[in-house]
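Beneath this line is the structure, given in structure tokens, with notes to follow.
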Amino acid sequence: MCVVKKQYVLLILLFSIAMAFASNEIPKNVAPWVQELLDKPQYQGQINRYGYAVGGELRLKLEQDFVDEIEMPTRHEDAATRLLDYDQFLGGQYQTGHFIIKHVGGLQLFLPFGIFEGVQSGQLFIEGSIKFRHQGMSLDFNDLRIAHAKRSPKAGDMAVLDIIDGEDILFHLDNIHTVWEQGNSVLRYQHVDVRLSQWLADRLNKSDLTGQVVGSVQMINNVSQNELNASLKGLPPQCNSRPVWPSAQSHADVMLIALTGESRAVNGDNTRRIIIPTARLQNIGDADVPWYRVFTGSFPPHNNDQHPYLMWNLYKQKNGRFTQIGASALKHAFYTTNQDCDIDCDNNNILWPGCRDTYGRLSNDNNLYLAPRSEINPFLGTWDSCGSSFDPGCTGGRTNAAASDSQRMNIKVSDFTENQANYFLSAWYLVRDDVNIYNSMGSRQVAYNPSNKYLTNTGPFAQGPAADRWVPDTGFDIAAMTSSFRVLQAGAGHLSVKTKVIDLGGGLYRYHYFVENYDFNPGISALTIPLQAGTSVSQYDFSDVDDQTNNDWALTTPVGSSLQMLAPNGNDISWGYGYAFSVTLSQAPVSSSVTLTGASGYGNFTVPALAPLSDLIFTDNFEN
């Protein structure tokens, strides 16, 4: 009986593989670099390459408070596994299931030139079951599979997959990082977000959780390639003379193209939430961008492990005022999926021209990659691992990682649920040699849903600083009583000053200033506003990102023709932060300028802005 069963399984496997390879055809929508070669006969053998992923392991982590009780198979501590342990550093609290993938079925892969270009079709069959106990009901799932889905891939996704039970979709897999290993015979899926399907949400009486991230997946499959063309060697012809590193002739230009807000519970504290973005990007420049994981060695063009960084902020707009209420630490980026590329030279430590990449909630909430912002030079895009939070002893390797909820954007729910307020989540990729920092930023309006304790993305994504939603970056608008100017201080960094003035009537005007430091590394220690003698000054309000009042900027008594706000020791406007200043004055606004003082002895410089006294000094350093 055992022999018969083994023969039966083998026949199913051979039949599945034969059917997969028999149905090989080039996908309708291929990456631009493949499309360019389709009508060139000399490359047809290299393009017509396919693989088949079957067997392996799956680790599924689900949030513990997702349902009342979860039952999944576990792995014995002594059992061997090929799965990596990246997910052990996730923030939050999870229950983990470990599953074996059967050696039947499989996923068909498109592999032009041996480069993984995505999953075309198929299913993986999973041993074991998932059981949910919730609100007196019991849901048992015993026919588990990973299935290729019909929906269109998002930017950066190399696979579109669901976890299903029979024909019912339980979870959508999102932001899938795929990694080739061991001579392209192993395919890993890492840092994968698990989103709750509508079908399962409805059955759990949790319809308002549809689409929310409730866990993570790691998976490994064995891959075999079709024998016909697997032995062909060589990179695509577009890769001749690559890489081309950033220079005066070839530009790095990484653009943020999508952003969504996610959240999770703070361990042991129901009054706060951790806010995390899902971010997608694209290299729209003509240079290749290095993207190496920390501590992996020294590589061109800078002879280090150069990589981009991701940071995110949260802002509030209320009563005509714009303030920053939250800030993340710094995420060190690693490995790029290189999806839908103009050029792809089979190296996922380089973001090639046209390539897109994705980082999901679980990737951006991982202790392995989070560190203080202060450790980098944001204007130059440089970081020294020696003495960093990862390697405090300068050993040349990682000896430390962030704690579970440290280095996160940790927000009080009460600060996120005020009446008449709008909230905006922003994210920014800092990329060394990037020629345009502003298209590497973006924002989206979000709201906290107290019924399910998750975020709702209530508005469309928009590129640029979040404060552009408050005052557009259009210079002076006297009719609207607003102004907005971005400044580049040569060799030091970028910043902006935005102003909105509200006529209170009776000859009084409420001035709102928002000074944001993007990557001006000295920091800002003073704001000076020109003031006409005899102007009345009242109702000064200051706002920074913390709740402390003992480090608020002080308003000085008007002296002569100026009004000055001064930073106390330790609270300069550091890069990545914006501070708000509001004051009521008895003079109407005119086109003028304010003076900023750079910290650490940098000195004074002016920025155009609305003010109660005309003192406009035009210089060549503002960018409008």
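Residue by residue through the range 404-416, note down the ones that are in a loop (DSSP other than H, G, I, E, B) and open to solvent by less than 60 Å² (accessible area, probe 1.4 Å). Across the range 404-416, the qualifying residues are Ser404, Asp405, Ser406, Arg408. Within the range 482-500, identify whether any single residue is surrounded by fewer than 20 Cβ atoms within 10 Å (Cβ to Cβ), farther than 30 Å from Trp245 by Cα and at pLDDT 95 or above, and answer yes or no. For the range 482-500, residues surrounded by fewer than 20 Cβ atoms within 10 Å (Cβ to Cβ), farther than 30 Å from Trp245 by Cα and at pLDDT 95 or above: absent. Within the group Gln548, Gln532, which residue is in a loop (DSSP other than H, G, I, E, B) and either of a type in the set (D, E, K, R) or without any contact (Cβ under 8 Å) to a residue 40 or more places away in the chain (or both)? One residue alone meets the criteria, Gln548.
Restricting to the range 119-139, count the residues that are acidic (Asp, Glu) and free of Cβ contacts under 8 Å to residues at least 12 places away in the same chain. So the count comes out to 0. Entry remark, the range 580-600: residues being open to solvent by 10 Å² or more (accessible area, probe 1.4 Å) and in a strand (DSSP E or B) number 4 in total.
Does Leu425 fit the bill of being more than 24 Å from Tyr518 (Cα to Cα) and either free of Cβ contacts under 8 Å to residues at least 12 places away in the same chain or open to solvent by less than 40 Å² (accessible area, probe 1.4 Å) (or both)?
Values: more than 24 Å from Tyr518 (Cα to Cα): no; either free of Cβ contacts under 8 Å to residues at least 12 places away in the same chain or open to solvent by less than 40 Å² (accessible area, probe 1.4 Å) (or both): yes.
It is false that Leu425 is more than 24 Å from Tyr518 (Cα to Cα) and either free of Cβ contacts under 8 Å to residues at least 12 places away in the same chain or open to solvent by less than 40 Å² (accessible area, probe 1.4 Å) (or both).
From the list Asn457, Asn436, Asn400, the one residue that fits, being in contact with a Lys or Arg (Cβ under 6 Å, 6 or more places away or on another chain), within 30 Å of Ile376 (Cβ to Cβ) and surrounded by fewer than 20 Cβ atoms within 10 Å (Cβ to Cβ), is Asn457.
Answer yes or no: is there a residue in the range 550-558 that is aromatic (Phe, Trp, Tyr) and closer than 30 Å to Tyr429 by Cβ.
First, pick out the residues of the range 550-558 that are aromatic (Phe, Trp, Tyr): 553.
This time we only want the ones that are closer than 30 Å to Tyr429 by Cβ, so: 553.
The answer is yes; a qualifying residue exists.
Counting residues that are at pLDDT 85 or above and over 30 Å from Met409 (Cβ atoms), which helices (runs of 4 or more DSSP H) fully inside the range 1-114 reach at least 3?
Details: elements: 2-22, 32-35, 44-47.
The qualifying helices (runs of 4 or more DSSP H) are 32-35, 44-47.
When Ser216, Ser197 are screened for being within 25 Å of the chain's Cα centre (by Cα), crowded, with 22+ Cβ neighbours inside 10 Å and of a type in the set (Ser, Thr, Tyr), only Ser216 passes.
Among the residues of the range 482-496, none qualifies, meaning not one is closer than 25 Å to Leu259 by Cβ, in contact (Cβ under 8 Å) with a residue 12 or more places away in the chain and part of a loop (DSSP other than H, G, I, E, B). How do the pairs read when you match residues in the range 140-161 that are closer than 17 Å to Gly55 by Cα with residues anywhere that are open to solvent by less than 60 Å² (accessible area, probe 1.4 Å) and of a type in the set (Asp, Glu), using Cβ under 8 Å and keeping only pairs 6 or more apart or on different chains? Listed pairs, sorted by first residue: Asp143/Asp165; Leu144/Asp165; Arg145/Asp165; Ile146/Asp162; Ala147/Asp162. Scan the range 282-300 and tell me whether some residue there is surrounded by fewer than 24 Cβ atoms within 10 Å (Cβ to Cβ), more than 30 Å from Asn422 (Cβ to Cβ) and among the polar types (S, T, N, Q). Scanning the range 282-300, I find at least one residue that is surrounded by fewer than 24 Cβ atoms within 10 Å (Cβ to Cβ), more than 30 Å from Asn422 (Cβ to Cβ) and among the polar types (S, T, N, Q), so the answer is yes.
Quick test for you: out of Leu124, Leu187, pick the one residue that is at pLDDT 95 or above, open to solvent by less than 10 Å² (accessible area, probe 1.4 Å) and in a strand (DSSP E or B). Even if it seems obvious, please write down each step before you answer.
Details: Leu187 fails: at pLDDT 95 or above.
Within the list Leu124, Leu187, the selection yields Leu124.
Listed by first and then second residue, the pairs linking a residue in the range 391-417 that is farther than 12 Å from Thr271 by Cα and without any contact (Cβ under 8 Å) to a residue 40 or more places away in the chain to a residue that is open to solvent by less than 40 Å² (accessible area, probe 1.4 Å) and among the small types (Gly, Ala, Ser), with Cβ atoms under 7 Å apart and 6 or more places separating them unless they lie on different chains, are Asn400/Ser389.
For the range 201-244, what are the residues that are acidic (Asp, Glu) and either without any contact (Cβ under 8 Å) to a residue 60 or more places away in the chain or over 28 Å from Ser363 (Cα atoms) (or both)? Quick ask: steps written out before the conclusion?
Applying the first criterion (acidic (Asp, Glu)) to the range 201-244 yields 202, 208, 227.
Correct list: Asp202, Glu227.
Filtered by the rule that a residue be in contact (Cβ under 8 Å) with a residue 40 or more places away in the chain, open to solvent by 40 Å² or more (accessible area, probe 1.4 Å) and either of a type in the set (Lys, Arg) or outside any strand (DSSP E or B) (or both), the range 245-281 gives Trp245, Ser247, His251, Asn267, Arg272. Kindly provide the set of residues from the range 443-481 that are at negative phi and either of a type in the set (Gly, Ala, Ser) or in a helix (DSSP H, G or I) (or both), ordered by number. Selection gives Ser443, Ala447, Ser451, Gly459, Ala462, Ala466, Ala467, Asp468, Arg469, Ala479, Ala480. For Lys316, the criteria (1) farther than 21 Å from Gln548 by Cβ; (2) out of contact with any helix residue (DSSP H, G or I) (no Cβ under 6 Å at 6 or more places or on another chain) hold in every case but one, which is (1). In the set (1) modelled with pLDDT of 95 or more; (2) more than 25 Å from Ser426 (Cα to Cα); (3) open to solvent by less than 60 Å² (accessible area, probe 1.4 Å), Leu508 fails one condition alone, (3).
Scan the range 535-545 for residues that are assigned to a strand (DSSP E or B), surrounded by 11 or more Cβ atoms within 10 Å (Cβ to Cβ) and more than 38 Å from the chain's Cα centre (by Cα) and jot them down. Lay out the reasoning, then the answer.
First, the residues of the range 535-545 that are assigned to a strand (DSSP E or B): 537-543.
Filter once more, keeping what is surrounded by 11 or more Cβ atoms within 10 Å (Cβ to Cβ): 537, 539-543.
Scanning the range 535-545 gives Val537, Gln539.
The values are calculated or read from the model by the stated rules, or taken from the named source; none is laboratory data. As the structure is a prediction and not an experimental result, all values here were calculated from the model. Please note: Cβ atoms are built from the backbone with ideal geometry, for glycine as well, and neighbour counts cover all protein chains shown. The area values use the complete protein model at the heavy-atom level, side chains included, leaving out ligands, DNA and RNA. Shrake-Rupley method; radii C 1.70, N 1.55, O 1.52, S 1.80 Å.
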